[in-house]
Number of protein chains: 2
Amino acid sequence: MRQIESVCIAGAGAIGSLFAGHLGCIRPTRVLTRRAEHAQRLNSEGLRVSGKSERQAEILAATDPAKLGDVDLVIIATKATAVEATAQALAGHFPGALVMTVQNGLGCEDVVARYGDWPIISAVTFMSGVRHSDVHVEYELDTETWMGPWAGGSASFADVQQVAKLINASGLKARAFEDLRPAQWSKLLFNSSVNSIGAVTDLPHVREFARRDSIEALGHLVYDMMAEGKRVAATLGIELYEDPWEMNVQAVSRGSTGDEAYAHVFSMLDDVRHRRPTEVDWLTGAVVREAQRVGVPVPIHETMYRLVKARELSWRLDGKQGEEGSGT
Amino acid sequence: MRQIESVCIAGAGAIGSLFAGHLGCIRPTRVLTRRAEHAQRLNSEGLRVSGKSERQAEILAATDPAKLGDVDLVIIATKATAVEATAQALAGHFPGALVMTVQNGLGCEDVVARYGDWPIISAVTFMSGVRHSDVHVEYELDTETWMGPWAGGSASFADVQQVAKLINASGLKARAFEDLRPAQWSKLLFNSSVNSIGAVTDLPHVREFARRDSIEALGHLVYDMMAEGKRVAATLGIELYEDPWEMNVQAVSRGSTGDEAYAHVFSMLDDVRHRRPTEVDWLTGAVVREAQRVGVPVPIHETMYRLVKARELSWRLDGKQGEEGSGT
């Protein structure tokens, strides 16, 4: 049985910091950061967790994996858009480690596998946090992280169980699945729809996402888009763990007690507002590619994918636009 | 034969001002404005046209149609969003007049007909102007206005020919059609697609609207959306005057000589940027309603219609949004 004596978290945003802050209290924990200043502060001050749990972890951090020694588990916790660069940095390091990806959407495991022959664990996380500083993260939603062996690699279910056990021991919540795809696809279909719709309408997750009382009501779009995605999953033989439409209805009933002020701002909308590249290629784009591969028509996914890519393009053209005439 | 001795233009935006400035030099011309100050300036200074033609017209303007006497022709030149209020103001006035609508999209004639039994002429205009002030408009694109008898009313083709003759005599360009629908639908399908896509991507009419070189390329969306619209037109028995995809390709090749700075900013995008209600109900929404009536599936039109309506909704919720977490 594989023993996990030490870990490395690659990427210390909100999710990475939650893993590092908890695991750092029970195992020697390294953090690979992008910024040198971030690594320095973690080395001198450690990492604090507040909110749903209280932790103060010692951390060994660096921007170069060569300075972190070997570990038994690497968790890649960057955004999907940064996985390629992270995997490139990890190439040739941590030869004995399991590598776990926790990005939104599909396709990050394939990217990682191109840079090393680590056994790979797929994961999706439902927890959330707010990063107050480089050395302080607030644990907000204490929901589970789900994980399973990636079908394209050599990780076993026993490996996954070991990792889930360790994460549970640290005070976070984890669950091991022999086949993660039913859970992964439930979350994928939820996110590929609501995230892309939020990104182009500038709406957070308000009640209108579940309203279907008129022809122009937004809930029709969410429902029809998820129905497309469910046809793709069914064609792939994936039985969904949870119905994405029910996830949507539950999320907006939870969030809005008559007050829109606390509606969840999707990460893709947050990216659009800050003009950062979005994860649309791994979400809506991933569904489009899978649909094309199995021959299922998904006109709404194609539409949303192209709109978000075009919205990203608009930032590059910005400042170069003119001429507001009348007419069309 | 009906003689047109005097005219009234309702709404003096760019298009209304172009009609008033030209017709005002050959016929007694009244202008119905929304703002009293606008009417006062027109009465004291007249209306100047520069650019493709040079005119200085005397105008009798007012905010109340009762102060404008009777006329033989009323041209309603407001945006589609203001037609209902304008028709309401006109009710009971100008009993002997022909009324012509020149809005984008479908459905304004029905609105006007609810407020009076005037013979109604449908028109679509391809000209454009820039309104520099209440009393000065620049004539930019000197393209034609096309008109035909509205099928739901009593205007004859001879009436339409008289109006077209008068407009041509004024220095603008007009063409009379026995059946306007082929031209109206060509423009409708062009605008319902490119305007709604521009509105949610924040893109003016750049070359990407015609690019189809990758799965995420925006041209695929424009093409597929127009193909949907063409199926609706075909089912209605309307043979298009011009292919909307060709209109799109020509427009972006004209506009972009390697420089995106002069790409046309769609009126719907201009509305979104200024947070004004858009004309989407008369464009994309009109195609959705017609498609539903004749049973043609239009998932892309439904998607774009719902997205633009949701974008309008986002302004009403603005300032009430919070909580940018991580996670989804």
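Excluding ligands, DNA and RNA, the accessible surface per residue across the range A:7-179 is 38 Å² with a 1.4 Å probe. Secondary structure note: in the range A:7-179, about 35% of the DSSP beta bridges are antiparallel. Filter A:Lys52/A:Lys230; A:Lys67/A:Lys187; A:Lys230/B:Lys187; A:Lys187/B:Lys230; B:Lys79/B:Lys309; A:Lys187/A:Lys309 down to the pairs with a C-alpha to C-alpha distance above 24 Å, please. Distance filter (> 24 Å) returns A:Lys52/A:Lys230; A:Lys67/A:Lys187; A:Lys230/B:Lys187; A:Lys187/B:Lys230.
Provide the buried accessible surface between chains B and A in square angstrom, both chains summed, 1.4 Å probe, rounded to the nearest 100. Counting protein atoms only, the buried area is about 5300 Å². Distant-in-sequence amide contacts of A:Ile121, defined by a placed amide H-H separation under 5 Å and a gap of 5 or more residues or a different chain, comprise A:Val99, A:Met100, A:Thr101, A:Trp150.
Converting phi to 3J(HN,Hα) with the Karplus coefficients 6.51, -1.76 and 1.60 and the offset θ = phi - 60°, the range A:47-52 yields 10, 9, 10, 10, x, 4 Hz in sequence order, with x at every glycine or proline. For the range A:77-82, the Karplus equation 6.51 cos²θ - 1.76 cosθ + 1.60, evaluated at θ = phi - 60°, returns couplings of 10, 6, 5, 4, 5, 9 Hz by residue, with Gly and Pro reported as x. Label-to-label distances for A:Pro277 across copies, nearest first, come out at 4.2 nm, using points 7 Å from Cα in the beta-carbon direction. Sorted from shortest to longest, the distances between the A:Glu58 label points of this copy and the other copies are 9.5 nm, with each point 7 Å from Cα along the line through the beta carbon. When a/c is below 1.5 the answer is rounded, else prolate if a/b is larger than b/c, else oblate, so apply that to the protein assembly as shown with a ≥ b ≥ c taken from the square roots of the Cα gyration tensor eigenvalues. Prolate shape, in that a/c is at least 1.5 and a/b is the bigger ratio. For A:Ala174, the residues 5 or more places off, or on other chains, whose built amide H falls under 5 Å of its own are A:Thr145, A:Asn168. Placing unit charges on the Cβ atoms only, positive for Lys and Arg and negative for Asp and Glu, gives the protein assembly as shown a dipole magnitude near 380 debye about its Cα centre. Around the Cα centre of the range B:7-179, unit charges on the Cβ atoms of Lys, Arg, Asp and Glu (plus for the first two, minus for the last two) sum to a dipole of about 340 debye. In this structure the amide hydrogen of A:Ala10, modeled in the peptide plane, comes within under 5 Å of the amide hydrogens of A:Leu32, A:Ile75, A:Ile76, A:Ala77, none closer than 5 places in sequence on its chain. Overall form of the range B:182-317: oblate. Here a/c, set by the Cα gyration tensor axes a ≥ b ≥ c, is 1.5 or more, and a/b is not larger than b/c.
Taking Cα centre as origin and charging only the Cβ of basic (Lys, Arg, +1) and acidic (Asp, Glu, -1) residues, the dipole magnitude of chain A rounds to 420 debye. The sum of -39500 (n - 2.57) across all DSSP H runs of n ≥ 4, divided by the residue count of chain A, sets its helix-only mean residue ellipticity at 222 nm to -13000 deg cm²/dmol. Projecting the Cα atoms of B:Trp150, B:Leu68, B:Ala36 onto the dipole axis of the protein assembly as shown, where Lys and Arg carry +1 and Asp and Glu carry -1 at the beta carbon, places B:Ala36 farthest toward the positive end. Interface residues of the range A:260-296, defined as those losing at least 50 Å² of solvent-accessible heavy-atom surface relative to the isolated chain (probe radius 1.4 Å), are listed as A:Glu260, A:His264, A:Val265. For the protein assembly as shown, the share of DSSP beta bridges that are antiparallel, to the nearest 5, is 35%.
Counted over chain B, the DSSP beta bridges are approximately 35% antiparallel. Interface burial in the range A:211-232, defined as at least 10 Å² less accessible area with all protein chains than with the chain alone at a 1.4 Å probe, covers A:Ile215, A:Glu216, A:Leu218, A:His220, A:Leu221, A:Asp224. In nanometers and ordered shortest first, the copy-to-copy spacing of the A:Gln250 label point, defined 7 Å from Cα toward Cβ, is 5.5. For A:Ala234 and A:Arg293, FRET efficiency with R0 = 25 Å and r from the beta-carbon atoms, rounded to 0.05? E(calc), rounded to 0.05, equals 0.95.
Overall, the accessible surface of the protein assembly as shown at a probe of 1.4 angstrom is composed of carbon and sulfur to the extent of 48 percent.
Here A:Glu54 sits with roughly 120 square angstrom of accessible surface, probe radius 1.4 Å. Prolate is the label for chain B, because the ratio a/c of its alpha-carbon gyration tensor axes (a ≥ b ≥ c) is 1.5 or higher and a/b is greater than b/c. Considering the options A:Gly13, A:His136, A:Val111, tell which one lies farthest towards the positive end of the dipole of the range A:7-179, charges being +1 on Lys and Arg and -1 on Asp and Glu at the Cβ, about the Cα centre. It is A:His136, whose Cα lies furthest towards the positive end. Once you average over the residues of A:196-204, how many Cβ atoms of partner chains fall within 10 Å of each Cβ? Mean number of neighbouring Cβ atoms from other chains: 6.
Label separation (A:Arg34 vs A:Arg276): 0.7 nm, computed from points 7 Å beyond Cα along the C-beta direction.
The values are calculated or read from the model by the stated rules, or taken from the named source; none is laboratory data. Just so you know, these numbers come straight off a predicted model, no measurement behind them. Note that we place each Cβ from the backbone using ideal geometry, even for glycine, and neighbour counts take in every protein chain shown. Just so you know, the surface numbers come from the protein's heavy atoms only, side chains and all, with ligands and any DNA or RNA stripped out. Shrake-Rupley method; radii C 1.70, N 1.55, O 1.52, S 1.80 Å.
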